[in-house]
Amino acid sequence: MRTGNKTRSLKTLLSLCLVPMLALAGCSDQTVQQTSKPLKPGDYAAILPYQTSDTRAKHIGLISDIDIRTQLEQGLMDISKDYFDPSNHAYVNHKYLDYDELDASDGSRGLLGTLRDDNPNGLNPGADEDFDTGNGIVKGPILVADLYELDFFSGNALDGIAIGLAVTDAVEQDGVRHEITPERLRDFVQASGTKIVSYMRERFNDVTPNIPILVAAYELNTDENDSSKGGYVYAEYFDGTRTTDKTISEEYMLVPSTAFTQAQPEMAAQFETFRADVSRILSDTTYTTGEAKIQDGSVQKLTLTITAHGKTVGEILAVIQSVREYLSIFESENCAYKVIIKNNGDICALMDREPDSKSVQVLTTY
């Protein structure tokens, strides 16, 4: 009898110990994902530890220009803010559409490939398919050059996906350049967006019809004589069975350029004054170039790159301090100003002036 009592006591003790252990195990499953702290209010936080996507090599191989790749992803984040609030969403890159899902090289069955019997999910027209550019019929053009994916989580739950399509503005065939009209491009992007959304909802269990998906199109500017590299032109939002869309007027222009002067004469004049003042800081000319992000007819961001050739610390500090003061030449308070100062090729200072502010934040290596 004593042995039986001891056995029952041992079982009781084990069961009492097991209950809190199971409770702890249940709690660990509900651990909230860790996120970084955004660099500034209104930005998205990254989910940690950050998982690098194998698409990074694919992106570099498809579009070599780092400025365009930056514009594609940063622009997609900016557009996403109208649909997925950064204050309660964090992001990861390409959780679903990895390298194998996109790759279409060597006849692979990827989304970036052409539509054919063994690749029914290809986004580009089939090799023998006619495509009406609005300025002539072309056969089997490659219209989608690349695809970016951002996945937004609220706590532990997937709460939205944003897809950025890099699409060409023209097709060259038989020595003739056919520019794609906005109407034809919009029709193609709408069809592609519907196809991508259907594919993701059928392919991945996590992507249920309740998960909203944003598809936006970045139009690449392939005209070598144009100072603009392109910009987002269209977005479509799929929320369950409801779909909303909008046309976007966005482009990135080199500064200085004739196109920028014609589009933004006031800021172009201020830039020329700024550039002239900066050039005279040292006996060696200090050069200024820039790039402007223009949306709906107004400059949203002006990024300036200053190239100096200072020989002493005193000279370099004089350049940094002078540039900070000369930024007051730019009057628009609706624009964000970013400045990169290089001395003999090495970055020596970064500056930031936020919209609605005259204050300039400076980070320097000196």
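Structure notes:
- In terms of the mean number of neighbouring beta-carbon atoms within 10 Å, the peptides 301-308, 283-290 order highest first as 301-308, 283-290.
- Cβ crowding within 10 Å averaged over residues, with 171-179, 130-138 ranked highest first: 130-138, 171-179
- Each peptide in 355-365, 110-120, 207-217 receives the mean, over its residues, of other Cβ atoms within 10 Å, and ordering these scores from highest gives 207-217, 110-120, 355-365.
- Ordering 107, 121, 93 by Cα displacement along the dipole of the range 87-132 toward the positive end leaves 93 in first place; charges were set at the Cβ atoms of Lys, Arg (+1) and Asp, Glu (-1).
- If the chain linking residue 346 and residue 142 were pulled fully straight, counting 0.36 nm for each residue of separation and taking away their Cα-Cα distance, it would gain 69.5 nm.
- Extension gain, residue 354 back to residue 183 (0.36 nm per residue minus Cα-Cα distance, nm): 58.0 nm
- With each label modelled as a point 7 angstrom along the Cα→C-beta vector, the residue 205-residue 172 pair spans 4.8 nm.
- Local electrostatic count, residue 53, Cβ distance below 10 Å [Lys/Arg +1, Asp/Glu -1]: 0
- Members of 293/338; 37/81; 40/358; 37/95; 40/229 lying beyond 19 Å, as alpha-carbon distances in this model show: 37/95; 40/229
- If R0 is 35 Å, the Cβ-Cβ spacing of residue 74 and residue 226 corresponds to a FRET efficiency of close to 0.95.
- Summing Lys and Arg as +1 and Asp and Glu as -1 over all other residues whose Cβ lies under 14 Å from the Cβ of residue 113 gives a net charge of -4.
- Relative to the current alpha-carbon distance between residue 127 and residue 247, full extension at 0.36 nm per residue lengthens the span by 40.3 nm.
- Förster radius 25 Å - calculated FRET efficiency between residue 363 and residue 311 (Cβ-Cβ, nearest 0.05): 0.65
- Between the listed residues 362, 295, 271, the Cα displaced farthest toward the positive end of the dipole of the chain, a dipole computed from Cβ unit charges relative to the Cα centre, is found at 362.
- Counting only DSSP beta bridges with both residues in the chain, the antiparallel share comes to about 80 percent.
- Per-residue SASA entry for residue 277, accessible area with 1.4 Å probe, Å² rounded to 10: 40 Å²
- Take residue 186: with every protein chain present and a 1.4 Å probe, its accessible area is about 90 Å².
- Efficiency of FRET between residue 33 and residue 325 - r from beta-carbon atoms, R0 56 angstrom, step 0.05: 0.80
- Relative to the longest principal axis of the Cα atoms of the chain, the long axis of helix 265-279 makes an angle of roughly 80 degrees.
- Vicinal HN-Hα couplings computed from phi for the range 98-105 (Karplus, 6.51 cos²θ - 1.76 cosθ + 1.60; Hz; Gly/Pro x): 8, 4, 5, 5, 8, 4, 10, 6
- Neighbourhood charge, 11 Å Cβ-Cβ cut-off, centred on residue 86 and excluding it, Lys, Arg +1 and Asp, Glu -1: -2
The values are calculated or read from the model by the stated rules, or taken from the named source; none is laboratory data. The structure displayed is predicted, hence computed values, not measured ones. So basically every Cβ, Gly included, is an ideal-geometry build from the backbone, and we count neighbours across all protein chains shown. Remember, those area values only see protein heavy atoms, side chains included, never the ligands or the DNA or RNA. Shrake-Rupley method; radii C 1.70, N 1.55, O 1.52, S 1.80 Å.
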